[in-house]
Amino acid sequence: MKSPIPSHPKDADLALSARPSANGRFGIYGGQYVPETLMPALEELEKAAEAAWKDKSFTDELQKLLHTYVGRATPLYEAKRLTSHYSRPEGGPRIWLKREDLNHTGAHKINNALGQALLAIRMGKKRIIAETGAGQHGVATATVCARFGLECVIYMGAEDMKRQALNVFRMKLLGAKVNPVTTGTSTLKDATSEAIRDWVTNVEDTHYILGSVAGPHPYPMLVRDFHAVIGEETRQQCKEYFGRLPDVLLACVGGGSNAMGLFHSFIQDTSVRMIGVEAAGDGVHTNRHAATITEGRVGVLHGAMSLLLQDSDGQVLEAHSISAGLDYPGVGPEHSYLREIGRAEYVAVTDQEALTALQLVSELEGIIPALETAHAFAWLQNLCPTLAPGTEVIINCSGRGDKDVNTVAEKLAQI
Amino acid sequence: MIDNKDPLPQNSVSQDRISRRLRQLKKEGRMALMPFLMAGDPDLETSAAILLRLQEEGADVIELGIPYSDPLADGPVIQAAASRALACGTTPRLVLQMLKDLRGELFIPIVLFTYSNPLLNFGMERFCEEASKVGVAGLVVPDLPLEEAELLSPLAADYGLDLVLLVAPTTPKQRMIRISRKSRGFTYLVSVTGVTGERTVLEDRVQSLIKELKESSTSCVAVGFGISGPEQVRQVRAWGADGAIVGSALVKRISNAEYGCEADEAGVFCCELRKAAG
C-alpha cells in the first residue's frame with residue numbers, strides 16, 4: 001500500500017537544500033548504494049560539479065555551446081490545432097510544446113551529455129562510458145565525445161539494439177563503440193548494470209555519463225541541473241507569451257530526466273501543477289508495463305533508493321514499454337520524493353494510447369514525436385476535459401520520432 | 001517458513017566467532033580459507049552438500065551468496081550462477097531454511113553475501129533476526145558502503161551478526177581507517193579495481209594495502225575478488241592477510257561439474273586451497 005498523498009507539501013520540503021540533503025537524499029530516496037570502489041569517484045564528481053558551477057569560464061563555455069552547438073534556446077510553440085482538437089464549446093486549455101526535439105541529435109538528452117563531457121574534461125578523464133535505452137542518450141554522448149575527441153563506449157541492451165537500429169548506426173558513425181548487453185532482459189536496466197561494472201573496473205581514467213536523473217548521488221542532482229535549462233527557458237517564454245506562469249506541466253517519465261528538467265525551476269511555485277506520465281505498456285494491471293511510480297515499492301536499484309518494480313523477494317522485474325526509453329523498472333529518486341510529498345502527480349498511459357497520440361500529433365501539428373514523448377501527449381485526452389478554458393498547459397516535447405518509425409509502422413500494420 | 005520457536009543465540013557467543021577463528025589461525029601460523037558459493041546453484045540440495053564438504057575439507061568460514069537479479073559488483077561467473085539459482089526458484093527465505101536444516105551439522109561460521117534490495121525487501125531487522133536464528137555469523141553487502149551501512153550496522157549487532165565492510169584499492173587512506181574500524185568480523189579487502197572474477201596475477205599494491213590496513217586498525221583482513229587458486233592464496237598469506245576469499249574460481253568448478261559431482265569437485269579444490277593457506 002502507498003501512503004496517502006498529502007495535498008499541501010511544506011515549503012521546507014520544496015527547498016532546494018532538501019533536494020537533495022547534504023547526504024544525497026530526497027527524503028528517504030536517493031543515497032549511494034554502490035560498491036566501495038566507486039565512492040571516491042562519486043565524491044570527486046560531486047566536488048568537480050560544485051566547483052564548475054561556480055566557475056564562470058565553465059558556465060560561459062556551457063552556455064556558448066548550448067547556443068551554437070545544441071541550438072538552444074528551443075522554442076515554446078503554441079500548438080493551435082491540438083488546442084482546438086481538445087476545445088469544448090465553452091473553450092479549453094491552451095497547449096504549448098517545449099520543443100526539445102529541435103535540439104541537435106533530436107532530444108533533450110544532449111543538454112546533460114554536453115555538460116557532463118565538459119566536467120569529464122575538467123576532471124582529466126579521457127574515456128567516456130554511457131548506457132542507453134532508446135539510443136538517444138547514447139547518440140548524444142557519442143556526439144559530444146566526437147566533438148571533444150574523447151574515447152566513447154556505449155552499453156546497450158541487445159533487444160534495444162534491434163528496436164533502435166538507426167540510433168546504433170548513428171553512434172557508430174560518430175566513432176563510438178557500442179557494446180551489446182545480453183544479460184538479464186537485454187534492455188536498459190541491464191545496460192546500466194553493465195556500464196556500472198565497466199566504471200567499477202576503469203574508474204581511474206573513465207567518466208560515466210549517466211543519462212537519467214537516476215543512479216547514486218550526485219547523478220540525480222547533476223543530471224537534473226544540466227536539464228534545468230528546459231524549465232528556465234520555459235519560464236521566460238511563458239512570461240513573454242502570456243505574461244504569467246503556466247498552469248500545468250506535462251512530461252513523460254522513464255528515469256525522468258526530461259520531466260525533472262522541466263519541473264525543476266517551478267517546484268517552489270505551487271500554483272503550477274506538475275504531471276509525469278509513465279508507460280503502462282499493455283496496462284498497469286498486466287505484468288507488462290513500466291509504471292514504476294504507479295505500481296512500484298521502495299527498493300534499491302543502480303545505486304539509489306527509489307520506487308522500483310520488484311517481486312515479493314526483492315528481485316527486480318522486467319519492465320515493458322513500446323518505448324525503449326521508458327522501458328525501465330526504476331525511476332529517479334527525486335520523482336519518488338515529489339510524489340510522496342504531493343508536489344507532482346504521476347499517471348500512466350498504455351502503448352496503444354501512446355501510438356494513437358503519436359499519430360494525432362503528427363497529423364495535427366506536423367510534428368512526429370518520439371514514442372517516449374507520445375506518452376505525455378496521450379495524457380491530454382484525460383486531462384483536457386478537466387481543465388478550465390484558458391488553462392496554459394506546457395508539454396515537454398522531449399524528442400523527435402524519426403528513430404521510432406519502424407516500430408510504429410510494424411505496430412500499425414498489426415492493428 | 002522459519003520456525004519461530006528457536007531460542008535466540010547468545011549474542012556474546014555468536015558475535016566475534018569469525019574474528020576469534022581468524023586470530024586463532026594466525027597464532028598457529030595459518031590463514032583462514034573462506035570459499036564463496038552461490039546458494040541454489042544448481043539447486044539448494046546441492047548447495048547444502050557443498051557446504052558440508054567444504055567444511056570437511058578445511059574451510060574456516062564460508063561466504064554464501066543469496067542470488068539477486070542485478071548484481072552490480074559481480075563479474076560474469078557469479079552473475080551466471082545467480083541467474084541459475086534464481087531460475088530454480090531460490091529465495092532468501094529458502095536459503096535461511098536450508099541453513100536451519102543444516103544446524104547440528106554445519107559448525108563453521110557462515111557469512112551471507114547479499115545485495116541491498118533483497119535485504120531491504122525482506123525487512124532489515126527481520127532478516128537479521130532470522131539469519132541469527134539459523135546460526136549465521138555475519139553479512140557482506142557489496143552495495144552498502146560505509147555511509148549507507150549506518151542503518152544496518154546496529155541492527156546486525158543487536159542480533160549478534162558481524163557486518164563486514166569492504167575497502168577497495170581506490171579507497172583513500174583516511175577512509176580506509178574509518179571503514180576498518182567500523183567493520184566487524186574482518187575487513188574485506190577487494191584486491192582489484194573491478195568486479196568479482198578470476199585474475200591471473202594479483203596486483204602488487206595488494207601487499208601494501210594489507211600492510212596499511214593491519215597498521216591502522218586491529219581488524220583482521222581477508223582478501224577477495226580475483227583470487228583464483230592456491231598460488232594466490234599462498235601469495236596473500238605471505239603478504240600477511242588473515243583470510244583469503246575464493247569465489248568465481250570455485251563457482252566455475254561447481255558449474256562445470258557433472259550433476260551430482262559438484263560437492264566432490266568443490267572438495268578437491270578446497271583441499272588444494274587448504275594446503276596453500278596452511
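The values are calculated or read from the model by the stated rules, or taken from the named source; none is laboratory data. This one's a predicted model, so the numbers in the text were calculated from it and none came from an experiment. Positions of Cβ are generated from backbone atoms using ideal geometry, with glycine treated the same way; all protein chains shown enter the neighbour counts.
Odds and ends about this structure:
- Residue in the stretch A:70-77 that is touching a Leu at 6+ places or on another chain (Cβ under 6 Å) and either within 14 Å of chain B (Cβ to nearest Cβ) or farther than 23 Å from A:L119 by Cβ (or both) present: yes
- The one condition from (1) buried (at least 21 other Cβ atoms within 10 Å of the Cβ); (2) away from chain A (no Cβ under 11 Å); (3) farther than 14 Å from B:K133 by Cα; (4) not polar (S, T, N, Q) that B:A82 does not meet is (2).
- Matching option when the condition is surrounded by fewer than 19 Cβ atoms within 10 Å (Cβ to Cβ) and within 30 Å of B:N117 (Cα to Cα), among A:E78, A:E36, A:E44, A:E61: A:E44
- Annotation note: Cβ proximity below 7 Å between a residue of the stretch B:98-119 that is away from chain A (no Cβ under 14 Å) and free of Cβ contacts under 8 Å to residues at least 60 places away in the same chain and a residue that is polar (S, T, N, Q) and buried (at least 22 other Cβ atoms within 10 Å of the Cβ) (sequence gap 6+ or interchain) occurs for B:M98/B:S47.
- Cβ-Cβ distances below 9 Å connect the following pairs, each with a first residue in the stretch B:250-272 that is farther than 21 Å from B:G224 by Cβ, a second residue that is among the polar types (S, T, N, Q), and a separation of six or more residues or different chains: B:Y259/B:T46; B:G260/B:T46; B:E262/B:T46; B:E262/B:S47; B:E262/B:S255; B:A263/B:T46.
- Considering (1) in contact (Cβ under 8 Å) with a residue 12 or more places away in the chain; (2) away from chain B (no Cβ under 14 Å), the lone condition that A:L173 does not fulfil carries the number (1).
- In the set B:E258, B:E265, only one residue is part of a helix (DSSP H, G or I), more than 14 Å from chain A (Cβ to nearest Cβ) and farther than 14 Å from B:M34 by Cβ; that residue is B:E265.
- Tabulated pairs, the stretch A:277-303, first over 15 Å from A:L326 (Cβ atoms), second aromatic (F, W, Y), C-beta under 6 angstrom, 6+ apart or interchain: A:V300/A:Y33; A:G303/A:Y33
- Filtered residue count, the stretch B:29-55, keeping only those that are without any contact (Cβ under 8 Å) to a residue 60 or more places away in the chain and out of contact with any Phe, Trp or Tyr (no Cβ under 8 Å at 6 or more places or on another chain): 8
- Note on the stretch A:363-382: residues that are without any contact (Cβ under 8 Å) to a residue 12 or more places away in the chain and part of a helix (DSSP H, G or I) total 1.
- Note on the stretch A:173-188: among residues that are closer than 21 Å to A:A214 by Cα and in a loop (DSSP other than H, G, I, E, B), the one that is nearest to the chain's Cα centre (by Cα) is A:T187.
- Test: residue in the stretch A:58-76 that is in a helix (DSSP H, G or I), under 22 Å from A:G299 (Cα atoms) and not polar (S, T, N, Q): no
- Residues in the stretch A:310-332 that are of a type outside the set (S, T, N, Q) and within 11 Å of chain B (Cβ to nearest Cβ): A:D311, A:D313, A:G314, A:V316, A:L317, A:E318, A:P329, A:G330.
- Pick from the stretch A:21-57, criterion touching a His at 6+ places or on another chain (Cβ under 6 Å) and part of a loop (DSSP other than H, G, I, E, B), ranking: nearest to B:P169 (Cα to Cα): A:Q32
- In the stretch B:236-248, the qualifying residues are those that are surrounded by 20 or more Cβ atoms within 10 Å (Cβ to Cβ) and not in a strand (DSSP E or B), and the one that is nearest to the chain's Cα centre (by Cα) is B:G247.
- Any hit, the stretch A:199-216, residues being part of a helix (DSSP H, G or I), under 21 Å from A:L326 (Cα atoms) and either in contact with a helix residue (DSSP H, G or I) (Cβ under 6 Å, 6 or more places away or on another chain) or at pLDDT 95 or above (or both): no
- Condition check for B:A222: under 16 Å from B:D60 (Cα atoms) and of a type outside the set (S, T, N, Q): yes
- Residues in the stretch B:162-176 that are touching a Ser or Thr at 6+ places or on another chain (Cβ under 9 Å) and facing another protein chain (nearest Cβ under 10 Å): B:L165, B:L166, B:V167, B:A168, B:P169, B:T170, B:T171, B:M176.
- Residue among A:R343, A:R339 that alone is more than 23 Å from A:G92 (Cα to Cα), touching a residue at least 60 places away in the same chain (Cβ under 8 Å) and not in a helix (DSSP H, G or I): A:R343
- Criterion: touching a Leu at 6+ places or on another chain (Cβ under 6 Å), among the aliphatic types (A, V, I, L, M), away from chain B (no Cβ under 14 Å) and within 28 Å of A:F148 (Cα to Cα) - qualifying residue of A:I230, A:I196: A:I230
- The stretch A:289-308 - residue that is out of contact with any strand residue (DSSP E or B) (no Cβ under 6 Å at 6 or more places or on another chain), buried (at least 24 other Cβ atoms within 10 Å of the Cβ) and at negative phi and, of those, farthest from the other protein chains (Cβ to nearest Cβ): A:L307
- Selected residue (criterion: farthest from B:A73 (Cα to Cα)) from residues of the stretch B:194-238 that are of a type in the set (S, T, Y) and either without any contact (Cβ under 8 Å) to a residue 40 or more places away in the chain or in contact with a Phe, Trp or Tyr (Cβ under 9 Å, 6 or more places away or on another chain) (or both): B:T218
- Within the stretch B:39-79, the set of residues being within 9 Å of chain A (Cβ to nearest Cβ) and more than 22 Å from A:Q310 (Cβ to Cβ) comprises B:G75, B:P76.
- Meets criteria (within 19 Å of the chain's Cα centre (by Cα), more than 10 Å from every other protein chain (Cβ to nearest Cβ) and closer than 23 Å to B:V251 by Cβ) for B:L202: no
- The stretch B:41-78, residues that are polar (S, T, N, Q) and surrounded by fewer than 24 Cβ atoms within 10 Å (Cβ to Cβ): B:T46, B:Q55
- Of everything in the stretch B:177-199 that is more than 16 Å from the chain's Cα centre (by Cα) and within 10 Å of chain A (Cβ to nearest Cβ), the residue that is surrounded by the fewest Cβ atoms within 10 Å (Cβ to Cβ) is B:T193.
- Hey, B:L94 farther than 22 Å from B:G229 by Cβ, within 14 Å of chain A (Cβ to nearest Cβ), touching a residue at least 24 places away in the same chain (Cβ under 8 Å) and part of a loop (DSSP other than H, G, I, E, B) or not: no
- Beta carbons closer than 9 Å, at least 6 apart along the sequence or on distinct chains, pair a first residue in the stretch B:143-161 that is more than 14 Å from chain A (Cβ to nearest Cβ) with a second that is in a helix (DSSP H, G or I) and β-branched (V, I, T) for B:G160/B:V13.
- Which listed residue, of A:P246, A:P220, is assigned to a loop (DSSP other than H, G, I, E, B) and buried (at least 21 other Cβ atoms within 10 Å of the Cβ): A:P246
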